[in-house]
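Quick notes on the structure that follows.
The values are calculated or read from the model by the stated rules, or taken from the named source; none is laboratory data. Just so it is clear, the structure is predicted and the values come from calculations on it, not from any experiment. All Cβ positions, glycine included, derive from the backbone under ideal geometry; neighbour counts span all protein chains shown. The accessibility values were calculated without ligands, DNA or RNA, using every heavy atom of the protein model including side chains. Shrake-Rupley method; radii C 1.70, N 1.55, O 1.52, S 1.80 Å.
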Amino acid sequence: MEFATKCIHEIGASDATGTCLGALDAWLVICGIKTLPLRMEQHQKNAFTIAKWLQKQPRVQYVLYPGLENHPGYEINKAQTTGFGGMISFAVDNAETALQILEGVKLIKFAESLGGTESLITYPIRQTHTDLTAEECAEKGITDCLLRFSTGIEATQDLIDDLAQAFTAVE
């Protein structure tokens with residue numbers, strides 16, 4: 001309490017406002033929290049099914065999804081959580097394939113923001129990790145073949161169909 005009081009006195013009370021949500025923001029949180037379990041269930045269902053499908057694709061080198069038994073953190077995740085989330089990372093055979101998949105998807109959006117109700121795919125080497133050196137990227141497994149996929153709540157088969165047509169179009 002002393003620290004907070006000291007900070008308020010030093011910066012002035014008028015600078016210490018805005019620490020609570022506005023009415024609209026609070027209403028949006030209430031609306032969203034009511035459907036969160038249903039949305040997370042669909043995210044996870046989509047991610048698991050798509051991760052299994054990706055493992056069977058000839059152009060895919062590997063799939064990282066904590067819900068797959070071959071994932072290094074599978075047992076820990078299973079022991080500590082009730083689900084595996086909706087994020088998948090996968091690497092394809094070369095950078096050209098990655099770029100063609102990004103250009104080929106129609107339902108899945110190519111975007112940096114992850115975790116929404118819509119499915120999004122991102123290219124970490126050119127989007128989220130551009131501040132890392134080439135050596136740091138290599139240490140972390142971030143290559144020009146890596147894609148990250150945040151599954152949304154669309155119909156699972158629609159997402160698989162979109163990925164399938166993008167893979168088929170790869171030359």
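Things worth noting here:
- Per residue, the stretch 114-171 exposes 49 Å² of solvent-accessible protein surface, assessed with a 1.4 angstrom probe and all protein chains in place.
- Ordered by solvent-accessible area of protein heavy atoms (1.4 Å probe), largest first, the residues Lys78, Lys106 come out as Lys106, Lys78.
- Partner lysines whose Cα lies under 25 Å from the Cα of Lys52, excluding those fewer than 8 positions away in the same chain, are identified as Lys78, Lys106, Lys109, Lys140.
- Only protein atoms count toward the accessible area here, which uses a 1.4 Å probe; on the stretch 89-133, the carbon and sulfur part of that area reaches 50 percent.
- Rounded to the nearest 20 debye, dipole of the stretch 79-135 from Cβ charges on Lys, Arg, Asp, Glu: 220 debye
- Among beta bridges that DSSP assigns inside the chain, antiparallel share in %, nearest 5: 85 percent
- Between Asp158, Asp131, Asp144, the Gaussian network model of the chain with springs among Cα atoms under 10 angstrom shows the greatest mean-square fluctuation at Asp131.
- Altogether, the Stokes-Einstein calculation at 4 °C and 1.567 mPa s, with the Kirkwood radius of the stretch 22-171 over Cα pairs as Rh, returns a diffusion coefficient of 80 µm²/s.
- Equivalent ellipsoid, the stretch 87-143 (semi-axes from 5 times Cα gyration tensor eigenvalues, Å): 21, 14, 9
- Take the Cα of Tyr62, go 7 Å toward its beta carbon, and the backbone nitrogen atoms of the stretch 76-119 under 17 Å from that spot belong to 88-95.
- For the chain, adding -39500 (n - 2.57) for each run of n ≥ 4 DSSP H residues and dividing by the number of residues yields -15000 deg cm²/dmol at 222 nm.
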